[in-house]
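Quick notes on the structure that follows.
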Amino acid sequence: MPDEAQQVPPVSGARRAWVGLALVMSMLGATSLWRWTRVRPDAEDVAFEPHVQPRPMANLRFRDRSGRATDLSALRGRVVLLNIWATWCPPCREEMPTLDALQARLGGPGFEVVALSMDERGSQVAQAFLDRIGILHLRAAVDEFGEAAARYSALGVPMVLILDPDGRENLHCVTHSAIVAGLVTLLS
């Protein structure tokens, strides 16, 4: 009978979320690789920046699905994939089903995808769009305070930032194709 001190501790929720995210993204990587072999983006089409050390992240305020004001600090304690998008952006629309599936599979106490819309027309437009395309699992949020737009709009959308459980930025990239490469780098 093994000694209690020698038993292996259970895997934490955040670690399980990272491992699950790596598995899902590796499956998506095959599709992205196939796509990249068919159409090569120009260097300026992909901005990718994994950080050697986590960087402090502004505590962006936004409105959640019910219209309540909230901020990123409400998500502390979990890994957050913050997707900054807009309904008028074709690549943003294209990646929503993937992000929804990711949230459905990994979402919980250790991980969350937050879809932060930069649409100036508000949460009704963003939510109606998500409903129309069948998005069921994402946190519908709107940059109603203009903080994400002011900080990140010059870089383009869609943009993804990976935040650690302490709310620090570990990676940020523009375009869906870069997400896969960035997460593989971040998680290896």
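Results for (1) out of contact with any strand residue (DSSP E or B) (no Cβ under 7 Å at 6 or more places or on another chain); (2) in contact (Cβ under 8 Å) with a residue 60 or more places away in the chain; (3) β-branched (V, I, T), shown as yes or no for each residue.
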site	(1), (2), (3)
S66	yes, no, no
R78	no, yes, no
W85	no, yes, no
A104	yes, no, no
A115	no, no, no
Q127	no, yes, no
D131	yes, no, no
H137	yes, no, no
* Asked: What number of residues in segment 134-146 are open to solvent by 70 Å² or more (accessible area, probe 1.4 Å) and modelled with pLDDT of 90 or more?
  -> 2
* **Enumeration of residues in segment 122-145 that are assigned to a loop (DSSP other than H, G, I, E, B) and farther than 19 Å from E169 by Cα** => G122, I133, G134, I135, L136, H137, L138, E144, F145
* How many residues does segment 156-175 contain that are open to solvent by 10 Å² or more (accessible area, probe 1.4 Å) and of a type in the set (A, V, I, L, M)? -> 2
* Among the residues of segment 122-133, how many are more than 18 Å from R63 (Cβ to Cβ) and open to solvent by less than 10 Å² (accessible area, probe 1.4 Å)? -> 0
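The values are calculated or read from the model by the stated rules, or taken from the named source; none is laboratory data. Keep in mind that this is a model prediction, so the values were computed, not measured. Please note: Cβ atoms are built from the backbone with ideal geometry, for glycine as well, and neighbour counts cover all protein chains shown. Note: accessible area is taken over every heavy atom of the protein model, side chains too, but ligands, DNA and RNA are not part of it. Shrake-Rupley method; radii C 1.70, N 1.55, O 1.52, S 1.80 Å.
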